[in-house]
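The values are calculated or read from the model by the stated rules, or taken from the named source; none is laboratory data. Since the model is a prediction, treat every value here as computed from it, not as a measurement. Backbone-built Cβ (ideal geometry, glycine too); neighbour counts: all protein chains shown. For the accessible areas, the whole protein counts, side chains as well, though only heavy atoms, and no ligand, DNA or RNA atoms are used. Shrake-Rupley method; radii C 1.70, N 1.55, O 1.52, S 1.80 Å.
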Amino acid sequence: MKMVRLDKICSDDIFFVSYPKSGTTWIRYVINNYLTNDSGKNFARIELIPDMHAETEYCNSLPSPRMMKSHLPFQPEFNNIIYLCRDARDVAVSYYFHYKKYKHLKSNDSFESFLNIFNAGKVNFGLWNDHVNSWLDNKPMRFLLIKYEDAIRNPVNEFNKILFFLGYNVDSTRLLSAIANADFSRMAALEEELNKNEPLLKNSNLDIPFIRKAQVGDYKHYFNKENESEFIKIHYSGMKKLEYIS
Ligand code: A3P
């Protein structure tokens with residue numbers, strides 16, 4: 001697990017926390033574009049909400065109050081949390097393609113073989129179930145839970161919640177435009193451009209897009225009954241708390 005450390009944590013730092021592949025790029029991109037009133041040119045570097053793991057020095061240089069992305073499990077010194085979650089089964093599929101894109105897997109490695117390492121927590125940021133439970137069982141006072149699936153179904157509602165949490169009165173027209181500018185097809189088209197010169201993308205396997213599918217329930221195309229039930233056993237408590245299973 002990458003345990004990047006910032007020089008200091010401030011009590012007014014706001015962290016957009018998620019387990020990898022839960023949709024944080026999209027969520028942060030919309031908020032960034034809303035707050036800057038700009039359509040955003042580069043979703044790989046989100047200026048107002050940088051990645052504390054990939055852009056640590058930049059985060060260290062920012063004045064308070066800062067907003068940052070983090071994938072860390074529970075950190076007692078993080079006070080203000082927007083925690084984004086996604087159905088673990090879709091996360092696993094998305095992570096599989098991410099690992100292939102960034103060449104942590106061979107191109108012919110199967111989803112089934114990836115599940116072995118995902119279910120053992122031997123991926124960056126550990127076991128999904130431990131990650132979600134670490135936050136859900138230790139919520140700080142200022143904690144907002146957002147589900148990726150809710151944001152897909154009703155983006156206005158979920159982005160309103162985030163902006164309210166951040167202390168803004170929401171301008172609906174501006175929010176609608178920020179959401180439209182960050183929709184899947186626009187971001188996918190932007191990715192084509194970014195692939196040419198953005199280091200975070202251009203050195204990856206370009207046959208696998210980062211803005212990949214964004215489909216709720218995509219896991220149904222990859223799991224069989226057997227490995228799904230095994231998966232649910234391992235991630236049961238987190239999936240249950242988040243109502244991904246009944
Ligand atoms: P899929 O691989 O299921 O398509 P993260 O940003 O945390 O790495 O999450 C990546 C996931 O968010 C990917 O899921 C990606 O396609 C999805 N995503 C990216 N842009 C999106 C958008 N504009 N709307 C919805 N989902 C998006």
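Based on the Cα coordinates of region 1-100, what is the per residue volume of their convex hull in Å³?
Details: hull volume 11.3 nm³, N = 100.
Convex hull of Cα atoms, per residue: 113 Å³.
Of the chymotrypsin sites (Phe, Trp or Tyr not before Pro) in region 95-179, which ones lie in a loop per DSSP and count no more than 15 other C-beta atoms within 10 Å? Walk me through the numbers on the way to the answer.
On the way: sites: Tyr95, Tyr96, Phe97, Tyr99, Tyr102, Phe111, Phe114, Phe118, Phe125, Trp128, Trp135, Phe143, Tyr148, Phe159, Phe164, Phe165, Tyr168; in loops: Tyr102, Phe125, Tyr168.
When the chymotrypsin sites (Phe, Trp or Tyr not before Pro) of region 95-179 are filtered for loop state and at most 15 Cβ neighbours within 10 Å, Tyr102, Tyr168 remain.
Could you tell me which of the pairs Lys8/Lys233; Lys106/Lys241; Lys213/Lys241 are separated by over 30 angstrom between their Cα atoms in the structure shown? Please report the intermediate quantities before stating the final value.
On the way: Lys8/Lys233 38 Å; Lys106/Lys241 34 Å; Lys213/Lys241 26 Å.
Those over the limit are Lys8/Lys233; Lys106/Lys241.
If contacts are Cα pairs under 8 angstrom and at least 6 residues apart, what is the relative contact order of the chain in percent?
Values: 313 pairs, mean separation 64.3, N = 246.
Taking the mean separation of contacting Cα pairs over the length of the chain, I get 26 percent.
Hey, if you put +1 on the Cβ of every Lys and Arg and -1 on every Asp and Glu Cβ in region 14-241, which of Pro140, Leu115, Ser70 ends up farthest toward the positive end of that dipole?
Leu115
So what is the orientation-averaged projected area of region 14-241, using the convex hull of its C-alpha atoms, in nm²?
Numbers: hull surface 49.6 nm².
Over every viewing direction, the Cα hull of region 14-241 projects on average to 12.4 nm².
Given a 1.4 angstrom probe, I'd like the percentage of the accessible area of the chain that is carbon and sulfur, rounded to a whole number. Intermediate values should be presented prior to the final figure.
Numbers: 5940 of 11830 Å².
Carbon plus sulfur share of accessible area: 50 percent.
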